[in-house]
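Scroll down for the structure; my scribbles are underneath it.
The values are calculated or read from the model by the stated rules, or taken from the named source; none is laboratory data. Here the structure is a predicted model, which is why all the values come from computation and not from measurement. With ideal geometry, Cβ positions are generated from the backbone for all residues, glycine too; neighbour counts draw on all protein chains shown. Remember, those area values only see protein heavy atoms, side chains included, never the ligands or the DNA or RNA. Shrake-Rupley method; radii C 1.70, N 1.55, O 1.52, S 1.80 Å.
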Amino acid sequence: MEYIVSARKYRPDTFDSVVGQKNITTTLKNAIKNQQLAHAYLFCGPRGVGKTTCARIFAKTINCKNITSDFEACNECDSCRAFNENGSYNIHELDAASNNSVEDIRSLIDKVRIPPQMGNYSVYIIDEVHMLSQQAFNAFLKTLEEPPRHAIFILATTEKHKILPTILSRCQTFDFKRIKVEDAVEHLKKVARLEGVVVEEEGLNVIAQKADGAMRDALSIFDQIVAFSGKNVSYQQVIDNLNVLDYDYYFKLMDAFLNEDTKSSLLILDEILDNGFEEGHFVAGLCSHLRDLLMCKDEATLGLLEVGASIREKYLEQARKCQVDFLVKALEIATQCDLQFRSARNKRLHTEFALIKLSRLLTEKKKVETKVEESSSLSTRVEEKTPLSKPGTISHAQGSKGGTAKSGGKTLKSFSIKEFTNAKGTSRVQSQQQNVVREPSDGEEIDPSWNNEFTAEELQKVWNAYARSIESKNPRLFSMLTAHSPRLKGTQVVVFPLQNETQEVELLKEKTPLFNYLRRELKNAGLRLEIEYVRDGTGPQKAFTAADKYKLLAEKNPVLNKLKDALNLDLE
């Protein structure tokens, strides 16, 4: 008796028997039902998913003389029998991989003119159509667009992107998808039952995963396993024959990582390598295992786990032991190892180092948590020991984050450079916002009960006195403080305008002694400063930096710019 491989023997012959392409088969049946047949179809998708099979079923059905009530071929009329016996003259198949020249297409065009001898349509199935040459495509265009009424073209390809747009625009396109693992397993069960083969379901899951979405590949692997194992196929026989790493290795590895057992993880790797597996194959499997564990952490993603029922339970059990942060970090390490694997000279050492890092993940996490706790504890102790009785004093922990300190029943806002400037270094007050700043004290005694009201004249007098006191040691700040006059807002708010960023920096350097001086002299412990950043063009621009001075000089004498460029001078 002649042996026929399962991929041919159990090839679907009706739309309902096609695996995993329900949306496409339903569309084709409805087209037959409503008599809305197009003159050209394009079936594209991965290998072994049913493109050519669906094309043949469609061709047989539209020529069937006794279509069933669910719009399937009857398999009993002369047309169906001729098709089943590979003797139909209505269906013409062309392999474009070997018939891709202009002459081949011209021969096809000549055949298209001949009407069918039996049935209503002549169907031309062109497989691997992307292999046609540019000239062949051009010769085919006119016939594809306006074929005879009896001609229907079905083009099949695995590489849709290579098809000319002019061809795509003339066809109805159907995108075939990969066969799901669950669908492949169910079909393999059916084939095994018909062949009288007893096989463990986990073994069928491995076969379906190895096929990578191709039903034809899955059936070919099934035949190979049966030839190796006979009529009784076990899971172990499947993984031995296909050279697939057992799930148990990865479950043991994850237990070693969770127990921080570096020695066991390295010994497991050694055992895997002794069994003939390569390091790259192992690392790719480890990434997949970690990914599957991560999918098990949420019921919404549990459906993305493509394994059998018993293995699924193992995944769920181990996922309960792992935290999401641990799995994400472990997956990051494993992925980095996989990405850098090709460039690694000592591949075994590269893989072992990744396992060592995975075994130390929990240890490193504990170290980080300990440091955070110690830092938090130290910050708390400093905060408790820092006196808050003085109005201008804030704790280190609060001051560093722009917090607040209470004094004399009043809440004082601390100063923060991060608050004063945005992420790009641009002053907030530059965008016409005002920043209320509360400066820290320099340690001199200030009575928190001071709440003396003062006039604008008194403020100006004290302000000028402080400016004169620093004139000799800081003439730049003296010029800035005397360039504008402060004004009083309410009873405790002093408003002072600034012209540029340089002034802002200079004022920040002198903030502590200036505020303490004002508080002492004006007898007001709750004194606050409100800064205004203005560029209204009133009054002369003051020069504080080399750039400012150069700008003013260049405005008076434009020749200075030419001199600077000619001599390639710098402001430094």
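Quick notes
- Set K263/K297; K190/K231; K263/K321; K60/K162 screened for pairs whose C-alpha atoms are more than 23 Å apart: K263/K297; K60/K162
- For the stretch 163-251, the fraction of C-alpha pairs farther apart than 19 angstrom is 44 percent.
- Of interest is the spacing of the C-alpha centroids, which for the stretch 196-235 and the stretch 1-15 amounts to 16 Å.
- Here the Karplus curve 6.51 cos²θ - 1.76 cosθ + 1.60, taken at θ = phi - 60°, turns the phi angles of the stretch 23-28 into couplings of 5, 6, 5, 5, 5, 5 Hz, with x standing for Gly and Pro.
- Considering only L507, N524, A465, and ranking their Cα positions along the charge dipole of the stretch 456-526 that arises from unit charges at the beta-carbon of Lys, Arg, Asp and Glu, the one farthest toward the positive end is N524.
- Column: log10 I(q)/I(0), Debye, Cα scatterers of the stretch 76-207, q = 0.20, 0.21 Å⁻¹: -1.09, -1.15
- Cα convex hull of the stretch 188-304 - mean projected area over all directions, nm²: 8.4 nm²
- Dimensionless Rg ratio for the stretch 111-155, taking C-alpha atoms and the 2.2 N^0.38 Å reference: 1.22
- Phi angles of the stretch 243-258 translate, via the Karplus equation with coefficients 6.51, -1.76, 1.60 and θ = phi - 60°, into HN-Hα couplings of 6, 9, 6, 5, 4, 4, 4, 6, 5, 5, 4, 5, 4, 5, 5, 5 Hz per residue; Gly and Pro are given as x.
- Q117-S17 pseudo-label distance in nm [points 7 Å out on the Cα-to-Cβ vector]: 2.6 nm
- Top positive-direction residue, dipole computed over the stretch 51-154 with Cβ charges, set Q135, N90, C54: N90
- Amide H contacts for L42 (H built 1.01 Å from N in the peptide plane; partners 5 or more residues away or on another chain; cut-off under 5 Å): L155, Q172, T173, F174.
- Per residue value of the accessible surface for the stretch 48-95 (all protein chains in place, 1.4 Å probe), Å²: 45 Å²
- Kirkwood Rh in Å, taken over the stretch 294-348 so that all alpha-carbon pairs contribute: 13.0 Å
- Close amide H contacts of E530 (hydrogens built in the peptide plane, cut-off under 5 Å, sequence separation of 5 or more or a different chain): V494, V495, F496.
- Global geometry of the stretch 1-104, whether rounded, prolate or oblate, following the gyration tensor of its Cα atoms and the 1.5 cut on a/c: rounded
- Kirkwood Rh, Cα atoms: Rg over Rh of the stretch 26-82: 0.98
- Computed from backbone phi with θ = phi - 60° and the Karplus coefficients 6.51, -1.76 and 1.60, the 3J(HN,Hα) list for the stretch 189-204 is 4, 5, 5, 4, 5, 5, 8, x, 9, 9, 9, 6, 4, 5, x, 5 Hz; x is used for glycine and proline.
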